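To start, the structure itself, in structure tokens.
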Amino acid sequence: MAIQDTARMVSERIETTEINPYEMMLQQLDLVREYTDISDGIWQILRTPERTLEVSVPIVRDDGSIEVFTGYRVQHSSARGPCKGGIRFHPGVTADEVKALAGWMTWKCAVVNIPYGGGKGGISCEPSRFTISELERLTRRYTAMIYPLIGARRDIPAPDVNTNAQIMNWIVDTAQLLSGESTPGIVTGKSIEMGGALGRHEATGRGVMFTTLSVLQRLGMDAEGASVAVQGFGNVGSIAARLLREAGAKIVAISDVSGAFHCPTGFNIDQVLEYVKVSPGHLLAGLPHGGMEEISSDALLTLDVDVLIPAALEAQITARNADAIRARVIVEGANGPTTPEADLILGEKGTVIVPDILANAGGVICSYFEWVQNIQCFPWEEEETNQRLGKIMQRALREVWRLAEERQISLRLAAFILGVERVATAVQLRGVFP
Ligand code: GLU
């Protein structure tokens with residue numbers, strides 16, 4: 001059976017029921033198989049996370065009642081270095097979602113060639129329901145529960161959806177209280193005053209901007225005036241939008257959980273950022289901006305734009321809406337926003353997709369810089385971080401682009417081949433203990 005038929009068959013099964021991100025990740029991985037000569041045994045190792053920890057996280061609410069949440073930490077691979085990956089607080093967090101995200105971290109760190117494996121964590125909860133002190137107790141209790149697994153040389157958490165520098169500060173402080181040692185390198189994405197790296201906050205969005213500009217250039221498209229739609233206005237989407245606008249692009253659509261908005265003449269992103277700083281829940285709803293209309297979130301994805309940046313959650317571009325997508329280029333700011341089925345439909349239409357494991361790697365690359373600075377106790381200037389970030393992203397993009405051209409395959413497949421082969425080589429060289 002042709003590889004496309006297998007993919008279609010499997011994804012039809014997935015998409016007619018609910019999309020399971022872990023099955024999605026495995027399906028992407030399995031598509032790589034026939035392009036490599038990785039043995040069956042190594043393949044089995046790559047398909048299975050090394051460790052999955054499920055924890056119960058009880059907290060005392062401000063009213064004195066107790067509520068229990070479920071949390072996870074998954075270590076997908078430590079073959080190329082300590083496990084690395086963020087922590088997500090979201091109602092959609094499940095064991096399978098965290099396993100998928102941990103796997104994507106493994107391929108991401110390998111494709112940009114930084115010395116890490118992949119991990120991920122999360123708590124299934126709606127963080128907007130918590131007061132700041134409840135959020136602190138939740139974070140500290142979760143840290144205590146995953147403490148046996150994490151460490152600067154074992155597994156290093158970082159921010160992800162709905163987590164930020166303050167949450168990372170509580171994690172490092174809790175770890176320090178438990179161990180009695182100062183180990184800032186146990187977590188990245190901290191505040192600068194706590195050993196965070198200058199530039200880390202913007203790094204994922206900056207990486208998305210680098211890749212977008214570089215891909216537009218390779219395709220012979222002008223960044224000046226290029227129309228861009230951004231789904232998700234969190235850390236990744238908002239910063240990518242700001243930097244792309246500074247680079248001359250026109251941000252014609254933005255969205256978050258409170259709604260999607262279209263402004264054909266282009267948003268003044270600085271003005272939008274000022275608004276969300278003070279708006280209820282830091283959301284876009286109620287945004288006062290001339291020439292703008294509210295649209296549905298599906299309408300945002302299918303706008304006639306040069307670049308679409310999905311920067312929200314998994315499985316947003318699916319078999320259901322892929323046909324209607326008109327963007328020439330998709331740059332995946334989120335992890336896993338496109339299902340394998342949608343990938344095929346878009347590939348047939350000639351849409352260029354810059355895959356998540358390449359496009360959004362800026363965050364983890366800068367986390368790597370933060371970790372190096374923590375270990376060496378030697379902070380860098382922001383300029384150095386941004387320069388090195390650009391270098392690593394350009395190198396990875398060049399390698400992926402070249403492989404895609406040589407083999408006449410998609411950028412996603414090329415990125416997966418590069419990443420997976422690097423991990424497979426490390427697994428092979430280590431051998432199987434005992
Ligand atoms: N959560 C981010 C990601 O998905 C950053 C991970 C990190 O810095 O370790 O890539």
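The values are calculated or read from the model by the stated rules, or taken from the named source; none is laboratory data. Keep in mind that this is a model prediction, so the values were computed, not measured. So basically every Cβ, Gly included, is an ideal-geometry build from the backbone, and we count neighbours across all protein chains shown. To get the accessible areas, we keep the full protein, side chains included, count just its heavy atoms, and leave off ligands, DNA and RNA. Shrake-Rupley method; radii C 1.70, N 1.55, O 1.52, S 1.80 Å.
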Once you have all Cα-Cα distances for the range 29-172, histogram them in 10 Å bins from zero and send the whole-percent values.
12, 41, 29, 13, 4, 1
Percent relative contact order for the range 178-284, counting Cα pairs under 8 Å at least six residues apart, stands at 19 percent
Write down the Kirkwood hydrodynamic radius of the range 311-391, to one decimal in angstroms, obtained as one divided by the mean of 1/r over all alpha carbon pairs.
14.5 Å
Report the Cα-based extents of the range 155-234 along its three principal axes, largest first, to the nearest Å.
55, 22, 21
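Using only helices, what value at 222 nm comes out for the chain when you add -39,500 (n - 2.57) per DSSP H run of length 4 or more and divide by the total residues, to the nearest 500 deg cm²/dmol?
Numbers: 15 runs with 202 residues, N = 434.
Helix-only estimate at 222 nm: -15000 deg cm²/dmol.
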Area accessible to solvent at residue 411, 1.4 Å probe radius, in Å²
20 Å²
Along each principal axis of its Cα atoms, how long is the range 348-434 end to end? Whole angstroms, biggest number first, please.
49, 43, 17
Arrange the residues 378, 233 by how much accessible surface each exposes, largest first, with a 1.4 angstrom probe.
378, 233
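Could you tell me the ratio Rg/Rh of the range 107-193? Both radii from Cα atoms, Rh via Kirkwood. Please list the in-between numbers first.
Values: Rg = 13.3 Å, Rh = 13.7 Å.
Using Cα coordinates only, the ratio equals 0.97.
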Per-residue accessible area for residue 83 at 1.4 Å probe radius, Å² rounded to 10?
0 Å²
Accessible surface of residue 76 - all protein chains present, 1.4 Å probe, nearest 10 Å²:
0 Å²
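Rounded to two decimals, what is Rg over Rh for the chain when you use alpha-carbon atoms and the Kirkwood radius?
When Rh is taken as the Kirkwood radius, the ratio is 0.95.
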Counting pairs of Cα atoms in the range 91-153, how many percent are more than 14 Å apart?
67 percent
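Can you pull the Rg over Rh of the range 256-383, Cα-only, Kirkwood? Each step should come with its number before you reach the end.
On the way: Rg = 17.7 Å, Rh = 16.8 Å.
Dividing the radius of gyration by the Kirkwood radius yields 1.05.
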With no solvent and one equal point scatterer per Cα, compute the Debye intensity ratio I(q)/I(0) for the range 385-434 at 0.26, 0.30, 0.32 Å⁻¹ and report its log10, rounded to two decimals.
-0.90, -1.00, -1.05
Over the range 265-334, volume per residue of the alpha carbon convex hull, in Å³:
114 Å³
Please report, in debye to the nearest 20, how large the charge dipole of the range 350-434 is about its Cα centre when each Lys and Arg carries +1 at its beta carbon and each Asp and Glu carries -1 there.
400 debye
Residue among 137, 88, 218 with the largest mean-square fluctuation in a Gaussian network model of the chain, springs linking Cα atoms under 10 Å:
218
